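One structure is given below, encoded as structure tokens.
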């Protein structure tokens with residue numbers, strides 16, 4: 001009898017504790033996700049309502065300056081870009097909200113400019129792309 005009582009109390013305690021943890025878990029899941037240069041090529045899954053921040057940094061190396069275009073989305077019914085801009089130093093940023101279920105791509109173009117006289121860029125541009133599966 002004592003064993004069943006303890007089991008019932010334990011089950012009741014677990015039932016009361018688990019639901020109170022769920023809202024915190026939901027809030028953590030919906031915290032803004034940040035995508036950076038190194039996010040290129042990834043496929044990510046986000047729930048509707050998720051906020052996504054894209055923060056791309058310009059790259060300087062070997063006589064080249066790689067700058068970014070403003071990030072864009074391919075399906076506006078899935079991803080809603082609420083803000084987008086390029087920065088004076090060649091970077092780019094966008095704020096995006098997952099608006100509905102489906103698949104969309106976030107893309108930006110990286111363009112090369114020579115910063116050393118006589119140097120030519122190996123390729124003029126390259127696409128940065130992240131696939132978002134929204135649910």
Exercise for the section: Exactly one condition in (1) more than 14 Å from the chain's Cα centre (by Cα); (2) in contact (Cβ under 8 Å) with a residue 12 or more places away in the chain is not met by residue 79; state its number. Expected result: (1)
Handout entry: Residue within the range 38-45 that is assigned to a loop (DSSP other than H, G, I, E, B) and in contact with a helix residue (DSSP H, G or I) (Cβ under 7 Å, 6 or more places away or on another chain) present
Key = no
Exercise for the section: Determine whether residue 110 is touching a helix residue (DSSP H, G or I) at 6+ places or on another chain (Cβ under 9 Å), modelled with pLDDT under 95 and surrounded by 15 or more Cβ atoms within 10 Å (Cβ to Cβ). Expected result: yes
Exercise for the section: Enumerate the pairs (first residue in the range 45-56 and at positive phi; second residue anywhere and surrounded by 14 or more Cβ atoms within 10 Å (Cβ to Cβ)) with beta-carbon separation below 9 Å, excluding pairs fewer than 6 apart on the same chain, so at least 6 apart or on different chains. Expected result: 49/30; 49/97; 49/98; 49/99
Handout entry: Flag if residue 122 is more than 12 Å from the chain's Cα centre (by Cα), farther than 20 Å from residue 33 by Cα, exposed (fewer than 14 other Cβ atoms within 10 Å of the Cβ) and without any contact (Cβ under 8 Å) to a residue 60 or more places away in the chain
Key = yes
Practice task
Working only within the range 77-95, note down all residues that are closer than 19 Å to residue 109 by Cβ and in a loop (DSSP other than H, G, I, E, B).
Solution key: 87, 88, 89, 90, 91
Problem - Verdict on residue 103 being surrounded by fewer than 16 Cβ atoms within 10 Å (Cβ to Cβ), within 18 Å of the chain's Cα centre (by Cα) and outside any loop (DSSP other than H, G, I, E, B) - result: yes
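The values are calculated or read from the model by the stated rules, or taken from the named source; none is laboratory data. Just so you know, these numbers come straight off a predicted model, no measurement behind them. Counting neighbours? That spans all protein chains shown, and the Cβs are built from the backbone with ideal geometry, glycine included.
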